[in-house]
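Heads up: the structure comes next, in structure tokens.
Only the coordinates and a few stated rules stand behind these numbers; no lab work does. Because the structure is predicted, anything quoted here is derived from the model rather than measured. Here the Cβ positions follow ideal geometry from the backbone for every residue, glycine too, while neighbour counts run over all protein chains shown.
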Amino acid sequence: MSSLLGHSFIGFVRGQSTAAPYRAINPATAAALEPDFFPATAAEADHACALAAQATPALTALSGMKKAAFLRDIATRIEAATPALVARATQETGLPEARCQGEIGRTMGQLRLFADLVEKGDWLDARIETANPDRKPLPKPDHRSLLRPIGPVAVFCASNFPFAYSVAGGDTASAFAAGCPVIVMAHHAHVGTAEIMGGLIVEAVKASGLPEGTFSLLMGEGRVIGQQVAKHPALRAIGFTGSRVGGRALMDTAASRSTPIPVYAEMSSVNPVVLLEGALAARGEAIATGLLGSCTLGVGQFCTQPGLIILTRSAAAEAFVAKLSALFTECADGVMLTAGIHQAYQKGLTARAAQAGVKVIAQGKSSGQPNRAVATLFATDAKTFIADGSLQEEIFGPSSLVIWCADAREVDAVLGALHGNLTATVHGTDAELAQQSAQIARLEAVAGRVVVNGFPTGVEVSHAIVHGGPYPSLSDGRTTSVGSNAIYRFTRLVCLQNYPDSALPAELQNANPLCLSRLVNGSRSESAL
Ligand code: NAP
């Protein structure tokens, strides 16, 4: 595509490097795509961080209205550029056009959701404790607190979401909404899409009159340039979506800095699904069809893909597994996002098939085309699963593991052994769900979202969604990487003591000029003081 230059955006200036060019690869054909892309140099990455530091005070002072207008402007520009974005992303990722269109819609929706949130300042959690000079034995000071932006944020794009978790995705949108400058590491799998999106954001930064360092986009290897940014003294937080190895490496880098910083890494999740006997007897075939769809959606390349299926032996369960196996066998293969992800999938399948006590019980059709994943269903028993922690490792792609339990006690033991996950699902009749409330509570302990009689794929972007869970699904299981609550990752609390009213930010002034809902001396109030 002739309009792509292949260079980073260092604020408003394009990168100059011409060394070590690389190209995006079309995974469907294994063909390299034009043009060449050039990794940012170490000096360029440093300059992006320095610009971000310079931009921080102006962005911290930016009003909610101005942040909202900026976020909406990015969304409008994305809308206008949708044909170009789709054309490039379908080539770079092998994802169908409809999926790219849908994901662009979600990306614009996320930007607009954060715009709506920050336009008014209620989310800032403004609190006021008024002074009492007569209090004994000590006078009470005037304390006023609110959330402030954390400072420059580095965002690592996800291979499996070229839009919603990439350059203008949820991490970037929530960081901008919080008032933070953002430095994005483009993912090599969709670097041309990243360049188009980066250009749109730079234009929006300029049109909104924001400082140059509000946004930079760096080409190059995350392991090299990304690590350099992660160590830069100006950086204050990291957002990441990808492998556990990559996320863990960034967590370790962030922790070993002389000033450690938080890392919000969304890594791996196997999303257990518990199937109770009554539900299988009542609607086993429908559950099998729904589960197959959830396991193979997007060639299984979703962080919410159900990788574990837990059930107790019964006639209904046997019939269900036979049906699910038949559906897996009929499944056509699908192109994966990158050759590397395909190789990792193949390696994962081979290793799992060789594990003692694990069997392949169904495998889909293979076309023999490059980078195609064949859906694969494994089975094991509860004892093997509990004894072997590696069976909880994500095989990223359309593969699931059936875990046979002898009875409800074994189901409990399996649930007790689970690592952290983004989601956990249970299918049961009303009576079973009422009877198994302790089991459902166990699911809540290991997952950020518990789904009843549904399927985990398809993440709604909303105020109530939680897309996070205990480690290793997230590096910090107290947070979410999707939905409006994601903004809190990029904030910190500040308390202002004994400030004169005129020196306070509008959110904390006595007159309450923004008409916020504030906690005043312990009671919620929308009034002036
Ligand atoms: P990845 O290898 O973790 O890479 C994601 C991003 O992080 C890339 O920009 C990468 O840069 C960077 N990165 C990787 N290791 C790093 C390190 N040590 N230090 C700094 N940056 C680092 O993930 P991927 O390329 O998307 O896919 C590989 C595997 O990740 C998949 O096979 C799958 O197992 C897993 N994955 C899981 C999810 C999920 O949602 N659960 C999503 C995507 C991928 P460079 O590669 O350019 O160095």
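Taking the C-alpha atoms only, the angle from helix 437-446 to the longest principal axis of the chain is near 60 degrees.
Does anyone have the angle between helix 315-330 and the longest principal axis of the chain? Alpha-carbon axes, 0 to 90°, nearest 10? The angle comes out at about 80 degrees. Just so you know, the Rg over Rh for the range 93-149 is 1.46, from Cα atoms, with Rh as the Kirkwood radius.
Could you tell me how far the Cα centroid of the range 175-221 sits from the Cα centroid of the range 1-30, in Å? Centre-to-centre distance over Cα atoms comes out at 14 Å.
The alpha carbons of the chain occupy a box of 74, 65, 41 Å along the principal axes, longest dimension given first.
Here is the P(r) of the range 445-514: all C-alpha pair distances, binned every 10 Å from 0, give 17, 33, 20, 18, 11, 1 in whole percents. If R0 is taken as 56 Å, the Cβ-Cβ distance between Thr29 and Val494 corresponds to a FRET efficiency of 0.60.
Each of Tyr488, Tyr165, Tyr499 was scored by other Cβ atoms within 10 Å of its Cβ. Arranged with the fewest first, they read Tyr499, Tyr488, Tyr165. The trypsin sites (Lys or Arg not before Pro) of the range 441-529 that meet both conditions, a loop assignment by DSSP and at most 12 other Cβ atoms within 10 Å of the site Cβ, are Arg478. Note on Cys180, Cys495: ascending count of other Cβ atoms within 10 Å places them as Cys495, Cys180, the fewest first.
Fewest to most neighbouring Cβ within 10 Å: what's the order for Asp412, Asp171, Asp252?
Asp252, Asp412, Asp171
The length gained by stretching the chain between Ser462 and Ala408 to full extension, at 0.36 nm per residue less their Cα-Cα distance, is 15.9 nm. The C-alpha atoms of the chain define a longest principal axis, and helix 277-296 lies at about 70 degrees to it. With both labels modelled 7 Å from their Cα along Cα-to-Cβ, the Ala339 to Gln54 distance reads 4.1 nm.
For Arg148, project a label point 7 Å along Cα to C-beta. Then give me every residue of the range 53-92 with its amide nitrogen under 18 Å of that point. The answer is 53-64, whose backbone nitrogens lie closer than 18 Å to the label point.
Mean projected area of the Cα convex hull of the range 173-322, taken over all directions, amounts to 12.3 nm². Restricting the calculation to alpha carbons of the range 352-423 gives Rg and Dmax of 13.8, 45 angstrom.
Estimated from helical segments only, the mean residue ellipticity of the chain at 222 nm is -12000 deg cm²/dmol, where each DSSP H run of four or more residues counts as -39500 (n - 2.57). Within the range 89-151, the trypsin sites (Lys or Arg not before Pro) that combine a DSSP coil assignment with at most 10 other C-beta atoms in a 10 angstrom radius are Arg135. With the simple model of a label 7 Å out from the Cα in the direction of the Cβ, Val360 to Ala81 spans 4.3 nm. Taking the charge dipole of the chain about its Cα centre, with +1 at Lys and Arg Cβ atoms and -1 at Asp and Glu Cβ atoms, the residue from Asn510, Pro470, Thr350 reaching farthest to the positive side is Asn510.
What does the extension gain come out to for Thr350 and Asn510, with contour length at 0.36 nm per residue minus their alpha carbon separation? List each step's numbers first, then the result.
Details: separation 160, 0.36 × 160 = 57.60 nm, distance 6.58 nm.
Using 0.36 nm per residue and subtracting the Cα-Cα distance, I get 51.0 nm.
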